[in-house]
């Protein structure tokens with residue numbers, strides 16, 4: 001299980017003395033949004049600096065490449081996460097943005113107890129959790145190190161090869177209009193990887209912006225995989241962030257071990273690769 005309902009979070013936070021609550025956000029104004037309102041006691045994580053290590057050219061690794069294990073180790077140590085910590089993450093995008101990315105990174109670092117709050121800060125506020133302003137409290141650091149990412153990631157060339165094979169499945173989780181190539185609001189070229197199928201990450205959510213129940217997610221993705229081994233499934237998005245939302249949904253549904261294409265469309269579309277559209 002990787003997704004927590006508000007009631008499950010309430011039970012966990014009442015009993016777990018090693019819980020670390022993290023508010024993860026993306027965008028140039030992430031820090032300002034955190035300061036304007038976050039759950040009391042939540043530590044800030046910045047998608048742009050803490051959860052990625054941007055290069056000079058998105059053609060090499062995409063817009064949000066993973067940081068090195070050394071850099072991420074330094075970050076989680078600085079905010080006081082220890083091997084014994086239960087880490088609970090939320091964001092202000094229904095868990096679809098930086099929260100799911102941090103969940104994936106911690107799991108890939110080998111940390112077991114990490115969860116995402118369904119519905120994010122909006123659900124916390126609606127349930128009566130105290131939302132405060134300011135920079136948050138200073139945390140006592142730890143020394144938590146890992147050597148390599150242990151969850152599967154794939155390269156652009158591996159995606160190209162997999163997309164042409166019937167026993168593999170490449171899932172593009174972007175909005176349908178981006179997949180179809182109708183327009184592209186972020187990257188340079190519209191369209192999708194030939195052979196990839198579109199299962200928008202938004203379909204993991206109900207009309208309240210919360211994750212669908214585990215049983216529903218399992219039925220949904222069992223149908224989508226159509227008998228394929230999850231180890232032969234690759235998930236991507238625009239820059240390797242919202243793809244983690246679907247990887248979280250797959251894990252919660254008991255269909256884990258799918259691979260993340262971190263470079264995603266931001267890398268693919270900046271190289272001399274074939275591009276498909278459905279106009």
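The values are calculated or read from the model by the stated rules, or taken from the named source; none is laboratory data. Computed from a predicted structure; not experimentally measured. With ideal geometry, Cβ positions are generated from the backbone for all residues, glycine too; neighbour counts draw on all protein chains shown.
Residue 41 meets the conditions (1) on the phi > 0 side of the Ramachandran plot; (2) surrounded by fewer than 23 Cβ atoms within 10 Å (Cβ to Cβ); (3) modelled with pLDDT of 95 or more in every case but one. The failed one is (3).
Here is a yes/no grid of residues against (1) more than 15 Å from residue 120 (Cα to Cα); (2) within 20 Å of the chain's Cα centre (by Cα); (3) not in a loop (DSSP other than H, G, I, E, B):
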| site | (1), (2), (3) |
| --- | --- |
| 35 | yes, no, yes |
| 45 | no, yes, yes |
| 48 | yes, yes, no |
| 52 | yes, yes, no |
| 55 | yes, yes, no |
| 61 | yes, yes, no |
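Considering the conditions (1) within 27 Å of residue 61 (Cβ to Cβ); (2) in the same structural domain as residue 23 (by TED's automatic domain parsing); (3) surrounded by fewer than 18 Cβ atoms within 10 Å (Cβ to Cβ), residue 165 is excluded by exactly one of them, (2). When only residues in region 203-230 that are touching a strand residue (DSSP E or B) at 6+ places or on another chain (Cβ under 8 Å) and not in a loop (DSSP other than H, G, I, E, B) count, which is surrounded by the most Cβ atoms within 10 Å (Cβ to Cβ)? Result: 204.
Residue 245 meets all of the listed conditions (1) touching a helix residue (DSSP H, G or I) at 6+ places or on another chain (Cβ under 9 Å); (2) in a loop (DSSP other than H, G, I, E, B) but one, namely (2). Does region 122-132 contain any residue that is assigned by TED's automatic domain parsing to the domain that holds residue 89, at positive phi and in contact (Cβ under 8 Å) with a residue 24 or more places away in the chain? For region 122-132, residues assigned by TED's automatic domain parsing to the domain that holds residue 89, at positive phi and in contact (Cβ under 8 Å) with a residue 24 or more places away in the chain: absent. Residues that are in a helix (DSSP H, G or I), over 27 Å from residue 111 (Cβ atoms) and more than 20 Å from the chain's Cα centre (by Cα) within region 139-180 comprise 157, 160, 161, 162, 177, 180, listed in sequence order. Among the residues of region 101-134, those identified as closer than 20 Å to residue 28 by Cβ and in contact with a strand residue (DSSP E or B) (Cβ under 6 Å, 6 or more places away or on another chain) are 102, 120, 121.
Just name the residue that is nearest to the chain's Cα centre (by Cα) out of those in region 181-202 that are surrounded by fewer than 16 Cβ atoms within 10 Å (Cβ to Cβ) and not in a loop (DSSP other than H, G, I, E, B).
Here is the first cut: in region 181-202, the residues surrounded by fewer than 16 Cβ atoms within 10 Å (Cβ to Cβ) are 182-183, 185-186, 188-189, 194, 197, 202.
After this cut, where a residue has to be not in a loop (DSSP other than H, G, I, E, B) as well, the list is 197, 202.
Numbers: 197: 19, 202: 13 Å.
Out of the qualifying residues, it is 202.
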